[in-house]
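One structure is given here, and the rest of the page talks about it.
The values are calculated or read from the model by the stated rules, or taken from the named source; none is laboratory data. Quantities reported herein were computed from a predicted structural model and do not represent experimental measurements. We place every Cβ from the backbone using ideal geometry, glycine too, and count neighbours over all the protein chains shown.
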Amino acid sequence: MSVRRILVVDDSPTDQHYLRELLGKQGYQVVLASGGEEALAKAKSDPPDLILMDVVMPGLNGFQATRQLTQDSATRHIPVIICTTKNQETDRIWGMKQGAKDYVMKPIDEAELLQKIASQG
């Protein structure tokens, strides 16, 4: 399966815009969600090929949403890459324990992010 459609989950309009532009230029179709609850609903109603998940969001945070996505039989096949400012090793380990396939730090290194997305396809 190649990755064509990416759900970007981030409560920051600036980060949403940046990622939509970056990924759009690479030919990806980008769908946006502003929080964990919206991400769960969109992943179930119209599953993307991959999810980029922020962690620090109001309501359901990225760790909680990732755990729910990876434990639900309807969405567990969708790889999740956590994309966050949380830069402690314990955060990365915790994110991976929730079921994330990878972890990317903000500010985003574009080449690193694109490589990690490609490796999931």
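Every residue, every condition in (1) closer than 22 Å to Ala111 by Cα; (2) at pLDDT 95 or above, yes or no:
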| residue | (1), (2) |
| --- | --- |
| Val3 | yes, no |
| Ile6 | yes, yes |
| Val9 | yes, yes |
| His17 | yes, yes |
| Glu21 | yes, yes |
| Gln26 | yes, yes |
| Val30 | yes, yes |
| Glu38 | no, yes |
| Lys44 | no, yes |
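Of everything listed in (1) more than 17 Å from Gly121 (Cβ to Cβ); (2) crowded, with 18+ Cβ neighbours inside 10 Å; (3) in contact with a helix residue (DSSP H, G or I) (Cβ under 7 Å, 6 or more places away or on another chain), the single unmet condition for Gly35 is (3). Does Asp49 satisfy the criteria of being among the acidic types (Asp, Glu), closer than 21 Å to Asp11 by Cβ and touching a Ser or Thr at 6+ places or on another chain (Cβ under 9 Å)? Spelling it out, it is not the case that Asp49 is among the acidic types (Asp, Glu), closer than 21 Å to Asp11 by Cβ and touching a Ser or Thr at 6+ places or on another chain (Cβ under 9 Å).
Is it the case, given these coordinates, that Thr14 is under 13 Å from Ala100 (Cβ atoms), more than 10 Å from the chain's Cα centre (by Cα) and free of Cβ contacts under 8 Å to residues at least 60 places away in the same chain? No.
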